[in-house]
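Okay, so here's the structure we're looking at.
The values are calculated or read from the model by the stated rules, or taken from the named source; none is laboratory data. Fair warning: this is a prediction, and the values are worked out from it, not measured in the lab. Here the Cβ positions follow ideal geometry from the backbone for every residue, glycine too, while neighbour counts run over all protein chains shown.
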Amino acid sequence: MKLLSIVVPCYNEMETVSIFYRETSKVVEKMDMKYEIIFVNDGSRDNTLSELQKLYEEHKDVVRVIDFSRNFGKEAGLLAGLEYAKGDYVTVMDVDLQDPPEFLPVMFKTMEEKGVDIVGTRRVSRKGEPPIRSFFARQFYKLINKFSDVEIVDGARDFRLMTRQVVDSILELKEYHRFSKGIFVWVGYKTEYLEYENVERVAGETSWSFWKLLSYAFEGIIAFTVAPLRIATFMGVLISVIAFLTMVFVIVRAMMFGDPVSGWPSMVTIMLFLGGIQLLALGIIGEYLSKTYMEVKKRPNYIVRKIYE
């Protein structure tokens, strides 16, 4: 009988873990396969670990718990779950039930009928999200798809069903700064997406603030395109051309009409503009350099304090 591994990163989710287990197990137990649910406690500061320990004690046959030594971020939690998963099929789900468990049988059916390696999900609406977050999310997908070599589907979730071969390919990528939405697409394989309306959290509050999401978006752009570096180069060339043409204009004007005394405001404005462009270019280079710095350090993506299995 085939084994399904369900990877569930958790950070301050004490109110949702038991609900997630109850709802997900009801669905999976009706499917003709064995399963394991791998909860990754990403350094939670509330009683998430206690709730996970209770689940483990009550359901040792299917529940596994990986407890990090501190908070390493969702990407580290995903990686740990994928590395630990032993299933012939692996799925990644959010513990807040924004990823509907009832989709799992449909995902398996789609995979068998269409002969694909990945069945992903995407939201067709962002009902319930703050308007500014929805706006920036849409702009992010437009921007990264314009410059990246791979296309990241707008509204795509981490919630997807993958074959063992796909997971093994993902684990071959050893980069430190990971952007899973891009990695899932970069490895290739035949993929089918299922659409659904946005689902509200079942309980608790999200730990993803606007600024965290914005930072995550920058991580994705830097991880999957060098377009910012090229833009900085283009701006440097453009400004150099403008400066050269301006210099020619000043020389011609001085030869024809003399050199009237110019005011200092225009000079200061130009200096500040050029200085800002230079700092912007240096900042972009610095972002890529910092990522390279962290990669060559070869630090582990996470440290496990204890595994309950």
* Does at least one position in the range 18-28 carry a residue that is touching a helix residue (DSSP H, G or I) at 6+ places or on another chain (Cβ under 9 Å) and either more than 17 Å from Glu102 (Cβ to Cβ) or not assigned by TED's automatic domain parsing to the domain that holds Pro105 (or both)? -> yes
Log entry, pairs with first residue in the range 282-309 being farther than 30 Å from Val63 by Cα, second being aromatic (Phe, Trp, Tyr) and not in a helix (DSSP H, G or I), beta carbons closer than 6 Å, six or more apart or on different chains, reads Met294/Tyr176; Glu295/Tyr176
When restricted to Val95, Val90, the only residue modelled with pLDDT of 90 or more, within 14 Å of Phe159 (Cβ to Cβ) and in the same structural domain as Arg22 (by TED's automatic domain parsing) is Val90
Filter the range 93-109 for residues that are in a helix (DSSP H, G or I) and aliphatic (A, V, I, L, M); the one that is nearest to Val8 (Cα to Cα) is Leu104
Taking the range 266-309 and keeping residues of a type in the set (Asp, Glu) and at pLDDT 75 or above leaves Glu309
Exercise for the section: With the condition kept exactly as written, say whether any residue in the range 49-68 is modelled with pLDDT under 85 and touching a helix residue (DSSP H, G or I) at 6+ places or on another chain (Cβ under 6 Å). Expected result: no
Lys86: passes all of (1) surrounded by 18 or more Cβ atoms within 10 Å (Cβ to Cβ); (2) touching a strand residue (DSSP E or B) at 6+ places or on another chain (Cβ under 7 Å) but (1)
